[in-house]
Structure formats: structure tokens, C-alpha cells
Amino acid sequence: IDLIIAAGVAAIYGLMAIIVGAGVLLPKVGAKMLNVADEQELHDGRRQLLGGAVGMALVSLLLASLALADGPNALLDRSIAALLVLVSLVGIAAISLLTRNQGDELMHRVSLESAALAFWLAMLTFGGWAALSVLGHAAMFSAIALIAGLFALFLFAMFVIIARRGMMMS
């Protein structure tokens, strides 16, 4: 089930990357599809949004590579998967560093609040689960479950913070 969860989280990130990327590259469509005021807002935030789309695609690639290379019936060679994971991690880090000072104060605040919420959700979820495992009340989660879970929790935290701030499309 861990591989299915990782593949599912990879698919969600991949779909989001396609939607955001297409919305930025096709601003007339993007202005209707994405939660923006108009095409100009897409133009103004183009670099940050494209960075986000590439980052989401890299998260998708990372998770899909791990899911496809795990288990006895792996569909992807582990050496190739390791290379893809390394490229994904370096790319995610580079994009994060390059885009960290872009955006307005609201987006900085949303990012900060989302990261804090994701951290506490991860501590409660994986820390609690690990504690139950130590006490013999639950099986320990796998490494791929941890990685997929962290990315899923961060995505969930973003949606919670965005919704709480009233920034969801009406």
C-alpha cells in the first residue's frame, strides 16, 4: 500500500505541476483556471509560478521514481531511480533557494504558516506512529511512506492555510 500512496501523491503533484505550468504558459486559459485576478497577475508572478510548477514536477518525479524502483517487481532500475531522486532533490533545493525571496508579503506568510503547520502535522503523525511502534502497538512505517507522507502533509497544510485565509476560489 505504501507504493500506491507514494504513486498517488506523485500523481497529485504531477497534475498540479501540469495545471500551474499550463496556466502560466497559456495566460488566457490560466486566468480562468487558476485562482488569479487576471492575466496580468499571471505575468507578474510568472517566475515564481513556473518555479513552483517545476518544483511540483520534481516532487512528482522523486516520488514516482521511488515507487517504481521499490519492491520485488520494480519497474525502474534502482540506479536510474537513484539518479532521478538525486536530480529531483538538487532541483527542488535550487528552486527553493532561487524563489524564496519572490512574491509578496502575503505569500511569504502563507509559506511560513504552511511550513509550520506541516512540521507539527508531521511530528504528530509520524512521531505518534513511531511512538506507537516503539511500544509495540503499531508496525513501523516504511521509508517511502515517510517521504510520501511528508509531501502529502505539506500539501494538506498549504490547502488548510490558504483556505483559512479565504484565498480559495469561490
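The values are calculated or read from the model by the stated rules, or taken from the named source; none is laboratory data. None of the values given here were measured: they were computed from a predicted structure. FYI the Cβ positions are ideal-geometry reconstructions off the backbone, even for glycines, and counts take in every protein chain you see. Surface accessibility is based on the protein's heavy atoms, side chains included, excluding ligands, DNA and RNA. Shrake-Rupley method; radii C 1.70, N 1.55, O 1.52, S 1.80 Å.
Odds and ends about this structure:
- When residues of region 134-152 are limited to those that are part of a helix (DSSP H, G or I) and either touching a Pro at 6+ places or on another chain (Cβ under 8 Å) or open to solvent by 30 Å² or more (accessible area, probe 1.4 Å) (or both), the one farthest from L106 (Cα to Cα): V134
- Of the numbered criteria (1) of a type in the set (G, A, S); (2) modelled with pLDDT of 85 or more; (3) crowded, with 16+ Cβ neighbours inside 10 Å, the one A31 fails is (2).
- Check on A131, part of a helix (DSSP H, G or I) and touching a residue at least 60 places away in the same chain (Cβ under 8 Å): no
- L84 meets all of the listed conditions (1) crowded, with 18+ Cβ neighbours inside 10 Å; (2) modelled with pLDDT under 85 but one, namely (2).
- Restricting attention to region 37-67, the residues that are without any contact (Cβ under 8 Å) to a residue 60 or more places away in the chain, crowded, with 20+ Cβ neighbours inside 10 Å and either in contact with a Lys or Arg (Cβ under 7 Å, 6 or more places away or on another chain) or farther than 19 Å from S96 by Cα (or both) total 3.
- Odd one out for G149 among (1) without any contact (Cβ under 8 Å) to a residue 12 or more places away in the chain; (2) touching a Phe, Trp or Tyr at 6+ places or on another chain (Cβ under 7 Å); (3) not hydrophobic (A, V, I, L, M, F, W, C): (1)
- Meets criteria (more than 22 Å from D2 (Cα to Cα) and out of contact with any Pro (no Cβ under 7 Å at 6 or more places or on another chain)) for R165: yes
- Test set (1) over 18 Å from A93 (Cα atoms); (2) of a type in the set (G, A, S); (3) surrounded by fewer than 21 Cβ atoms within 10 Å (Cβ to Cβ) - A17 fails condition number: (1)
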